[in-house]
Every structure is written in C-alpha cells, then in structure tokens.
Amino acid sequence: MKMLRVGELCPFFTFLGNKGPHTLEIEIMKNTSKTTKHNIFTSSKIASALGLTALICSPATLAKVTLTSDSGWETSISGSLPVFAVASDHDDSESAFRVQSGFNPANLNFHVVAPKTNSGLTVSGHFQIDTHLNAPNGVQNGGLFESRVANIQVSGDFGTITLGKDFGVFNSNAIGDIASQGGVGWLGAGADTGNATGGRIGTGYVYANFNPQIKFTSNDMNGFVYKVAIINPEEPQDASIETSLPRFEGQVTYTTDSFKVWVGGFTQEVSVVGEQAFDYDMQGYDVGAHFQAGGFGLTVNFTDTTGIGADGLYGGTINDSDVDATQWFVEADYKVNKTRFGISYGEGSQDSRAADAANGLAAVAEVDNELTMLFVHHQLSDQFRIIGELQDYQSDVQNDYNAVILGFQFDF
C-alpha cells in the first residue's frame, strides 16, 4: 500500500461550475384516487471509481478515499449522510415535524479496480449500500436498508460496459437537477412519508430507478456521449403479467463549457394474461438542457410518456395502459461564493381515458401535480453543506401541502 488519496469530484456536475476536486494525500497506516399514497421512494447518489461513468450525485464536492497497492489494485470508499428537518402542513390532514431522509438516503460506496490488462482493459466492481433514517407512518427503527448498486464495469478505448445493478438511463440527466438531488422534494405519502422522498418524481421527471441491466456508455467524442441499455422490465402488480423482453433505454448527451443538451427514450412491452388478456407498451422520450453563464445556471427538461401515469413511476398499474402523460420542469440558480440560491417549478400530468370493459380497465381521470421549490445551499466546508428548502405542492390525487425544510449533508 502506498497512500490515501482524497479527491474524486462527481463528474455529472462539473458543468455546473464546481472549482475542481479537493485533493489530499497522506501516508497510510398511477394514481386516480385522492387517497392513494406511495410510502417508499428510491433514488440515490452514486460515485464511480476513476471517473469511469458520470452518474447521479450531489452538486457538492465529493471526496473519495483511495487505497492503492504496489501491484496496481485500487480500492476506494465514498458516500454522503443527509439529514433533513421537515415541517409540513397538509390540507385536510395533519401538520407535522419530522427528522428524515431526503431524496437521497445516506449511502456508502465501495469501488475495487483491477490493474489494467495488457490489452488495455480496466475491470472494476462497484457497490452501494443505503440506509434511510425513517420508516413510513412513524414506525421506529424501520427505515429501509438496501443495496442499490452492484455491478462490474469493463472499460477501454471502446467505452464502458456495465453489468449488474445500476441507475437507469432514461430521464437520468433530468434527475440531475439541483433542487431535488440536494434536497427533499415531493412528500409522496404526506406527513409520514418514509424512507427516501420523491424529489421531482411525478412533478418533473420519470424515476430512472436502480435495476439489473447491461449498459454501454461511449467515451467522450468531442462532447458527445451516448448510452444504451437493456434493463429488467417493470411489471404492474395488479394483474398477471408476462414480460418476455427487457426494457430498452437510450440517451445522447452533448456537453460544452457553457451548456449541456440531451435527448433520450425508452420502450417496454407488457403482456397481461388471463381471461382478459391484452398487450400494451410503455414508451417515452425526453429532451433537456442546462445552460451556465458565470454563477447563473438554467436547467429545463420535458418528458412525454405512454403507459406511465402522472406519478412518474414505472409499472404502477395496468390502468396506465394507453394513458398519455407529460413531465416537465424548469430550474434557475445563482451561485455567490459558497452559497447557491435557486427556484424550481415543475408539473406532472396525465390525460383522462375512458373505461375499457373488454380489457377490464377502469376509467382514468385527468391528473395534474405541481411542485414549486425555493432552495438555498451553503457550503460551510468542502464536506459539509447546509440546505434550506420551501415547498408548495398542489395535486388532484393527494392533499396539497406546504413545507419548510432545513437540511444538513456531510460528504466524504
């Protein structure tokens, strides 16, 4: 062993104006009912070893401690611990104060990188474990403990192949917004939302989720990077379902010093079996951009889907069949020294659909969800951040609410 090295900056947010890695070396010793609620939401910050992939993480500088052996092996560890105090007031329901997780739960990331082969390949393994501070409905010591990432990456001049469980591709750039990634966002189960919160799921984007997959990510080609993946399909739980094919997802991103633009899409076939058998497709596309001018940033994204409702969640119910929905958001932020101020507004909506007796489908109502967030992020140090967030949420399927939030996050 030679040294501990701290300093891997989250690659996704380099275009947001970070100053560069902090380094140190030391010697080693579908909702149609107003009462429907979601109790578990999953999203996460994951860091990739040696910058092999640009995945989702906090906009703060994220250090990574690396052990390097004389034989060329590298093992690293990184993570974050976010804690939020949430005071919320829900129409026709309770007012509450909760200490809880935000959109990203506390996470610990492990990476093991083998020496480069004679043919120029780098093989690495990546693992993430996550723990949530609070369970739904106030259950004590019941927060979800899970693993979201467990994969092998093979990288070379051709790009990177990811084999195993990893973050999805479709809408993954949209989920890189500052407000929800660094904060709380949608309280999907009201005052007693447990585990991770919803971010902008259903009020700006579809949740990419963590699923077993085989993914190819190209190397940077003069600013262009593309990803394609075959991913285990999502299956609605309210019918007997067969899915003979995986979900197919793709995304193309172009990045310069001052802006980033992307377009993506996905498709998945679903077969409902039984007496009222029928087939339908989940599919969609998104387009988005981020513009940076000095301390000012602007991010926009638009998503159009069929077979996913306004809640922005894959595979919720077969009643989402043939339901058309859209998600969009706009976010503006301004950074002064160590403080970032921002405002974010987004909507998730779906069109109504008549009942389909032949396929056993109930009528689907028109739905609109809206979330406004004001936020302030202040870096007390490279590792410790204070977060302020104000929310106004309005929905056709959930009680409207307002929330005042104070958060703290330690990154390492």
Quiz item: HN-Hα J couplings of segment 379-387 from phi, Karplus 6.51/-1.76/1.60, θ = phi - 60°, integer Hz, Gly and Pro as x?
Solution: 8, 6, 8, 4, 9, 10, 10, 9, 10
Quiz item: Using the Karplus equation 6.51 cos²θ - 1.76 cosθ + 1.60 (θ = phi - 60°), what ³J(HN,Hα) coupling, rounded to whole Hz, does each residue of segment 364-378 give in order, writing x for Gly and Pro?
Solution: 10, 7, 5, 9, 9, 10, 9, 9, 10, 10, 9, 9, 9, 10, 10
Quiz item: How high is the FRET efficiency from residue 243 to residue 139, r the C-beta distance, R0 22 Å, rounded to 0.05?
Solution: 0.10
Quiz item: At a Förster distance of 22 Å, what's the computed FRET efficiency of residue 381 paired with residue 131, Cβ-Cβ distance as r, to 0.05?
Solution: 0.40
Quiz item: How far is it, in nm, from the label point at residue 259 to the one at residue 357 when both lie 7 Å from their Cα along the line to the Cβ?
Solution: 5.3 nm
Exercise. Place +1 on the Cβ of every Lys and Arg and -1 on the Cβ of every Asp and Glu in segment 220-325, take the dipole about the Cα centre, and give the residue among 239, 229, 291 whose Cα lies farthest towards its positive end.
Key: 291
Quiz item: Among 215/335; 64/338; 227/338, which pairs are too far apart, with a Cα-Cα distance over 23 Å?
Solution: 215/335; 227/338
Quiz item: Could you give the distance between the Cα centres of segment 218-255 and segment 395-412, to the whole Å?
Solution: 29 Å
Quiz item: Suppose every K and R has +1 on its Cβ and every D and E has -1 on its Cβ; what is the size of the dipole of segment 3-411 about the Cα centre, in Debye to the nearest 20?
Solution: 1580 debye
Quiz item: Once the piece of chain linking residue 278 and residue 85 is laid out straight, how much longer is it, given 0.36 nm per residue of separation minus the C-alpha distance between them?
Solution: 64.8 nm
Quiz item: Expressed as a fraction of 2.2 N^0.38 Å, the rule-of-thumb size for a compact globular protein of N residues, what is the C-alpha radius of gyration of segment 3-411?
Solution: 0.97
Quiz prompt | Net lengthening on full extension, residue 97/residue 287 (0.36 nm per residue, minus Cα-Cα) | solution = 64.7 nm
Quiz item: If you take the beta carbon distance between residue 372 and residue 228 as r and set R0 to 35 Å, what does 1/(1 + (r/R0)^6) give as a FRET efficiency, to the nearest 0.05?
Solution: 0.50
Quiz item: Using a ≥ b ≥ c from the Cα gyration tensor of segment 170-236 (square roots of the eigenvalues), is it rounded, prolate or oblate, where a/c under 1.5 gives rounded and otherwise the larger of a/b and b/c decides, a/b for prolate?
Solution: oblate
Exercise. Tell me the label-point distance for the pair residue 150, residue 341, using the 7 Å Cα-to-Cβ offset, in nm and rounded to one decimal.
Key: 4.6 nm
Self-check item: Alpha-carbon centroids, segment 313-351 and segment 70-118: separation in whole Å
Solution: 21 Å
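Read-outs throughout are calculated quantities, based only on the coordinates presented, and are distinct from any laboratory measurement. Predicted model, so just to flag it, every value in this text is computed and none were measured. Here Cβ is always computed from backbone atoms with ideal geometry, including for glycine, and neighbour counts include all displayed protein chains.
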